[in-house]
Every structure is written in C-alpha cells, then in structure tokens.
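Here the structure comes first, spelled out in structure tokens, and everything after it is commentary.
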Amino acid sequence: MIKQILNKLPRKPSSKSSHNDEGNNAMDSASINSSGVGVNNGGSKSNSAKSNNETSKKLGSIGGNQVVQVLNMNHASYEALPSFRVVSSSEKHGLFIKKLNMCCVVFDFSDPSKDSKEKDVKKQTLLELVDYVSSATSKFNEVTMQEMAKMVAANLFRALPNANHDNKLPDLYDQEDDEFSMDPSWPHLQVVYEFLLRFVASSETDAKLAKRYIDHAFVLKLLDLFDSEDQREREYLKTILHRVYGKFMVHRPFIRKAINNIFYLFIFETGKHNGIGELLEILGSIINGFALPLKEEHKQFLVHALIPLHKPRCLSTYHQQLLYCVGQFVEKDFRLADTVIRGLLKYWPVTNSSKEVMYLSELEEILEATQAAEFERCMVPLFRQIGYCLNSSHFQVAERALFLWNNEHIRNLVIQNRKVILPIIFAPLEKNTRGHWNQAVQSLTFNVRKMFSDADESLFQECLVKYQQDEAKEKESLAKRQLTWSRLDTIAAAKALSIESVVISSFASSVTISATTTAIS
C-alpha cells in the first residue's frame, strides 16, 4: 500500500532522486506496510516474528486499517535518508512518509552494542520528524495521519516488563518498597512521545480527521502504557492524554470510562498499578472543568471510583492527587461533603497507622469546606471514629486527631454542636489525660478539654459527672465479674476434687476385685 501511495507522489527526475528511490524501496520492503503494530523493544531478534504475530492479534486495527506483522529487516539497507533541507518543497511530503516508514523498524535495546549504527540513524530520523511536525504550515492529510499513527503504534504499543511486582501478592505489594526499572529504549521512546505530543498539539492537525486514527483502540493502548515502571514515560503519557482529551471532544466520555475501568481493576482485583497518580492528575484537571450543577454520572464516579481508591494499602503513592480530586468535588458541591466523609469512615484503616494519619489530614481539608447542615448529618459517626483515634497508642494518630481543633472552621462547627459531640468524645479525652504514655498527646488533650470547659462549663460538668458515674458502674461491674469468676473457680475446684475422689475409689475397688479373683483361682 505504501508503494502505491509513493508512486502517486510527484517525483523530480534526477540521478539523485533515482538513487534515493532505490535505497528507499529496499527499506520499504523491510518495514511496515500497514498501521497499528507494537513490538517489545526488549525482545530478542530470533523471536521477533513470533512477538509480532502475538502483538498484531492484540492490537486489532487503528483507523480501520488491518494490522500486519513487521517483516525482518536487512540492516544493510537501513541508511539515513536525505535531510528535509536538501530537497524541494514538492518532495518533502514523500520524504516525510518514507522517514515515517523507516522509523517503524524496532530494534533490540537489551544489548547496547547491537545495531548501534542503525539505532543512531533512527534516532536522528525521529528528531527530524519532530522538527517537521513542529514547523508544519499546512494541514496534515489523511495519508499522513495514517502513517503517523502507524509509526507511533509500532514503537510505543508494546508489552510492559513488570518484573518487580508480577509475582507478588496484592497484599504484599508496595510501590514505595520497589525500585522501578528504567527502559533501555527510552532515548528512542522519548523522541516518539515528543513526536506524538507535537502532532496532537499542532494547529495543523484536524481533530475531525485525526479521530479516525487516534481512535478508541489507540486511546486504550495509551492508557495501558500508564502501568510503565519508568516515571519519565508516565509523565509524557499524562501530558499527551490531557491534550487528546482537550482536542478530541468526541473521545471525552470514553476516556473517563476507560480510566474508571483501570481504577476498578486496581481497587478490586490487582491492587497494583504504577500510573494511578498520573491518571488522577489528569482527572483533577478534568474535574476542575466540570460544569455546575454536577451531572449524576460525575457524582457516581466520586462514589464508585474515587472514594474506594482510599482502600489499597499503597494509598501513600497517590494520596495527594486523590485528595485534590475529592476536594474539587466538595468545592463544586458542598452537599457532597457528607458523602465523602461517610466514604472515608467506611474504608477507615484498622491496623495501618500511617494510613490513619493520611485519613485525618484529608478529613481536615474536607471539613474545612463543609457547611453546618452537612456536618450535622455525619458528626455522630465521625466523632465516634475520632474518639477511637484520640485513644490510639500510636502517638502520631492521636496527635493528628487533636490537631483538628487547631482549625478555626472545624473548631467553630464543633462548638456549635458541642451538646452532641462532647458526650461522644469526653471519655476518650479523660482517658488521655489520665493515662496516655505520650506527653505531647496529654498536653494537647488538656488544651481541647479546656476549650470545651470554657465554651460551656455546665455541659462539661454534666459530662464529667456522667463519666464518673459510668466509671463507678464499670468498676462495680468489673468487681461483680471477678466475684462471679471466683465462684466459678471454687465450684470447678470442688467438682474436680469430687471427681478425683470417685476415680480413686473406683480404682481401689477394681484393684480389690482383681486381687480376690486371683486368690480364688
């Protein structure tokens, strides 16, 4: 198909052009003649045909063109094509297509010394393609877009090596504990990503035409790459996907749904993914642009995707981005504060103190944007949980819970509803003042206790009297339980003694009978 396209292009009859055509025809026969193939850059040369067949089956098609495998290349024919500066304007488009086809050949980067000359030629060609796209002064036609999509797919869409956590159980996987590998093919991949970014961002790219090639299948393959262990690759993907979302309005619902599916898979099945933080950064910008009133679809996304993202144990790797997204929802619609707080309480960690500290920090930011009506709806279960945190033996958890009262807005909300809140947390406060091992926690507890006392002395005294009564009842109940256990111990000992005497008596009788029988016989 490429040969047919090239034959239709205008050619300048010259010996130089003839020489170039011969070299390019040799190269064309060894490169891709259709779009949408991905090859593992780290694969061996001997297994390239098998890898290409498997990848072709996975990728399907891009822009409606059938995928075919990459043919083995004769490296002797892989030579640099002329620069765009030395050809006439009428020849530049044809040369651009040839350079795109030339860059569809994928090399093995696991061995730095292998095909080093050809790799240098390809990298230089890629840089020329980037400059060409950046300086384009006319609209890209359909043939050009098709070839661009083919080249990008051939280089980027590949199987990712997840060697660090493929064999780990989800509950043992922690991104912070792993050292992520750097892709050895990155020097070439980076230029391809830059090419794609310039193409998407270019004013000469017609979105209505380009959507045939940057289609749903293409977007899904980009999203799959977010699991790359190389952070540099994820940063490029984040920028490119954001540009795609902005330029191709028709793809926006699909992109949001596809990201949702990645989150669901991560939360409820695998528990491992390298690109959650970058995806949340994209979503933070998207959520910021949501129109008011919020659609029901967007609220469902908050409830079913964002709030459950608090569940995985590797929350710390993306918590700041998640907090920004959730905060955007509450800022846009303050009525969602109750939904968010109850969601946090649902997934509140029981044995992970570091996650509790993160939850308390997030809770403070959410409460700061919460209005009185929403606060009143959730304050009872909320302060029951805060009461547990106040008595935590981990001093950072208790300390972070006490810091909530340093926030003026939260303090005002609490004082306004002190008749409900103080009876809930009075007992935890008293236990801290009497017996917490950490001096800083005790000091902060005394400050909070004094704040309630100054705000409503009569209520404080009522709670103190009730606490003392409950304490006396608890002591009385404990004494009764101990007395009951003592009685049970006495009864059990008496029964054991009685059983022992019966056993001894029975044993003695059996011995006597046995002796008598022996004497008679």
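The values are calculated or read from the model by the stated rules, or taken from the named source; none is laboratory data. This is a predicted model, so every value here is computed, not measured. Here the Cβ is made from the backbone with ideal geometry for all residues, glycine too, and neighbour counts use every protein chain on show. Protein only, heavy atoms only, side chains kept; ligands, DNA and RNA dropped before computing areas. Shrake-Rupley method; radii C 1.70, N 1.55, O 1.52, S 1.80 Å.
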## Note on the structure
(1) modelled with pLDDT under 90; (2) within 18 Å of Tyr236 (Cα to Cα); (3) open to solvent by less than 50 Å² (accessible area, probe 1.4 Å); (4) not hydroxyl-bearing (Ser, Thr, Tyr) all hold for Asp174 apart from (2)
### Query
Does any residue in segment 429-446 that is over 13 Å from Ser392 (Cβ atoms) come within less than 9 Å, Cβ to Cβ, of a residue that is part of a loop (DSSP other than H, G, I, E, B) and not small (Gly, Ala, Ser) six or more places away or on a different chain, and which pairs are these?
Gln442/His436
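Residue-by-condition table, conditions (1) within 32 Å of the chain's Cα centre (by Cα); (2) open to solvent by 10 Å² or more (accessible area, probe 1.4 Å):
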| site | (1), (2) |
| --- | --- |
| Glu365 | yes, yes |
| Phe375 | yes, no |
| Phe383 | yes, no |
| Ile386 | yes, no |
| Leu390 | yes, no |
| Phe395 | yes, yes |
| Leu402 | yes, no |
| Arg411 | no, yes |
#### Entry: Leading residue by the ranking (modelled with the lowest pLDDT) among those in segment 479-506 that are open to solvent by less than 70 Å² (accessible area, probe 1.4 Å) and among the aliphatic types (A, V, I, L, M)
Ala496
### Query
Which number in (1) at pLDDT 95 or above; (2) open to solvent by 40 Å² or more (accessible area, probe 1.4 Å) marks the one condition that Lys295 misses?
(1)
### Query
Looking at segment 156-166, is at least one residue touching a helix residue (DSSP H, G or I) at 6+ places or on another chain (Cβ under 9 Å), hydrophobic (A, V, I, L, M, F, W, C), open to solvent by 20 Å² or more (accessible area, probe 1.4 Å) and at pLDDT 80 or above?
yes
### Message
For segment 78-157, give me every one of the helices (runs of 4 or more DSSP H) that falls completely inside it and has 2 or more residues that are under 17 Å from Thr205 (Cβ atoms) and among the small types (Gly, Ala, Ser).
### Response
142-156
### Message
Can you tell me which residue is modelled with the lowest pLDDT among those in segment 98-117 that are surrounded by fewer than 21 Cβ atoms within 10 Å (Cβ to Cβ) and more than 35 Å from the chain's Cα centre (by Cα)?
### Response
Ser113
### Query
Could you list, in sequence order, the residues of segment 192-228 that are outside any helix (DSSP H, G or I), without any contact (Cβ under 8 Å) to a residue 60 or more places away in the chain and surrounded by fewer than 17 Cβ atoms within 10 Å (Cβ to Cβ)?
Ser203
### Task
Scan segment 114-127 and report the pairs whose first residue is within 15 Å of Gln190 (Cβ to Cβ) and whose second residue is assigned to a helix (DSSP H, G or I) and open to solvent by 20 Å² or more (accessible area, probe 1.4 Å), with Cβ atoms within less than 9 Å and a gap of 6+ or a chain change.
Lys119/Pro187; Lys123/Pro187; Leu126/Glu194; Leu127/Glu194
### Query
Of all the residues that make up segment 229-246, how many are farther than 18 Å from Trp186 by Cα and open to solvent by 60 Å² or more (accessible area, probe 1.4 Å)?
2
### Message
Out of Asn261, Asn288, Asn274, I need the residue that is in contact with an Asp or Glu (Cβ under 7 Å, 6 or more places away or on another chain), more than 20 Å from Pro349 (Cα to Cα) and either in contact (Cβ under 8 Å) with a residue 40 or more places away in the chain or open to solvent by 10 Å² or more (accessible area, probe 1.4 Å) (or both). Which one?
### Response
Asn274
### Message
Checking the conditions here, which among Glu430, Glu476, Glu471 is under 46 Å from the mean Cα position of the chain (by Cα), modelled with pLDDT of 85 or more, in a helix (DSSP H, G or I) and of a type outside the set (A, V, I, L, M, F, W, C)?
### Response
Glu430
#### Entry: Count of residues meeting criterion [touching a residue at least 40 places away in the same chain (Cβ under 8 Å) and loosely packed, with under 13 Cβ neighbours inside 10 Å] in segment 447-469
1
### Query
Does Val420 satisfy the condition of being open to solvent by 50 Å² or more (accessible area, probe 1.4 Å), β-branched (Val, Ile, Thr) and closer than 28 Å to Phe395 by Cα?
yes
### Query
Does Val350 fit the bill of being of a type in the set (A, V, I, L, M, F, W, C) and part of a helix (DSSP H, G or I)?
no
### Task
Give just the number: which of (1) touching a residue at least 24 places away in the same chain (Cβ under 8 Å); (2) open to solvent by 10 Å² or more (accessible area, probe 1.4 Å) does Gln300 not satisfy?
(1)
#### Entry: Single unsatisfied condition, Tyr318 versus (1) over 17 Å from Gly277 (Cα atoms); (2) among the aromatic types (Phe, Trp, Tyr); (3) open to solvent by less than 30 Å² (accessible area, probe 1.4 Å)
(1)
#### Entry: Criterion: exposed (fewer than 10 other Cβ atoms within 10 Å of the Cβ) and either farther than 21 Å from Phe403 by Cα or modelled with pLDDT under 90 (or both) - qualifying residue of Ile520, Ile513
Ile520
### Query
What is the residue count in segment 333-347 for residues that are surrounded by fewer than 17 Cβ atoms within 10 Å (Cβ to Cβ) and either in contact (Cβ under 8 Å) with a residue 60 or more places away in the chain or part of a helix (DSSP H, G or I) (or both)?
5
